[in-house]
Structure formats: structure tokens, C-alpha cells
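Since every read-out is calculated from the coordinates, none of them should be taken as a lab result. Keep in mind the model is a prediction, meaning the values are calculated, not measured.
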Amino acid sequence: MKRFIFSLGVLTLMIMGSLSSYAQQGKWAGLVKYKIEWKGNVPQGLPTNWDVKVFENTVSHVDMLTFGQLGNVIINGNNKTVTSTYDFSMLPDEGVTEGMSGKWFVRSKIDGEKLQEVASKIKYEYTGNSKEIAGINCQEVKVISKDEEGAETSELIYVTKELGPTMDLENYPGLDAFPMEYPVEFSAELSATFTVSELQKGKVKDVDVMVDSGYEEISEEDFSDMIRVLFGGGGAEGDEDDM
């Protein structure tokens, strides 16, 4: 299944009551370190490790699609927001990029109806199988969904309720557990498996999952216009000179 990425959404979180040797789900704080196993047509220089910061119901990580070249993503399950940061301070503040140089963040509310619509098309079936990952007994889950052509597809992932937010709002919408091993399809020729290799409990504080100082908020519309200019698509409609 291809990775689901949400920029909007509102959903009431389910509070799970499971206790563990680490902490109650939704209250754990620490660094989750993944190892990445690439498959297919793999370009040189791709990372083999990926870190996710977890503080209770909030997670933060580098943007997976650019692996931190542009910025980070913060998903806050408490106030139901997704915040993306972008460091464009290297751009010259002149010419076509005038006014774009700086550090920006875009914050959007999670669209509950959209999330529920997507989640309703995905089924999670606990198979009863399990395996140990990074010292935790993880449950196997069969994820059943439909591809863009409507054909049913499935994949196996391993999850835990011993740490992480009370619900996944990013990779597997509606899943009531934290993914410890899962596949990601970046394209038809490139995929990867992410597997937790180490848990560093207590290494993350609330400030570690907040927007760093020096960033300025920008609307989604203005940021979209900025991206169109950067990638040669021109500015917002109506910006062209009259003929």
C-alpha cells in the first residue's frame, strides 16, 4: 500500500488503556530509531536510518519524501494538526525568489470527514502472529485496502500499543497502534521496509516536537504559490502581465 499523507483532517482519538513495561500508550516519550531496507532501483546516497521523535500523542520526523532536505513534519494528535516546516533561507531574496527566502511553517487542521472516508476503505485484521522488535512483542496486522484502480491489495505490518500516539494519523489512518515495521512504496521501482532497531526512552521532551524558533507561519495557499514559482509553474493565477 502506498503511504498515506494527510495535510488536513479532524478525528476524535480513541484512548487505549493498555499498560506495559514502558508506559501507557499516548504517554510514552522517546526516540524511535528505524533501519531502512531499500528494494528495487535504489539510487546512491539514500539514508539507511530514520528517527521519529515521540512525545505522548505527538510525533515529529524529517519529511519522508525529501528526507529532511526541506524540513520536518509534526503531527499533533491532541490538537489534531499537521505542521510542516521548510527552510528556504538559502534562496536569494531577489529576482524570481524575492520574498521566499526564510524559514516557513504550514499548519493545517486534520479534516475528520476526509480521514474517516479514507479510514473506512482500509481494514486492519490482527492475525494472532507476533514477533519481537527492539525488545517489544509486536503484533502482526494485515492491512487490506484498494489501489487507485479499485483492486484489493494487502500487506503485513507489525505494531505495538506499548508506545506512540493512541491512533495513527499518518501512515495507517484509524490504526489504534504504533507501526514498528512496515513497507513504503515510493514508486513502482522503489520501495523500502522500515523496522524499529532501537528505542531510546526519555530522550524526547515536549519542546523537541514543537516548531523551532525563527520559523514564520505561511498559509497553504501562499506556500503552494511559492512552490509553483520554484518549480517553474509560475505564480498565482492573475499574476501574469496583461497582454
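Listing for the model above:
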item	result
Flagged links, alpha-carbon separation over 27 Å, of K27/K131; K103/K123; K103/K205; K39/K146; K114/K142; K53/K161	K103/K123
Cα centroid separation, segment 95-109 to segment 36-91 (Å)	18
Candidate lysines for bridging to K109, where Cα separation is under 18 Å - those fewer than 8 sequence places away on the same chain excluded	K80
Span from the segment 114-151 Cα centroid across to the segment 172-231 one, whole angstrom	19
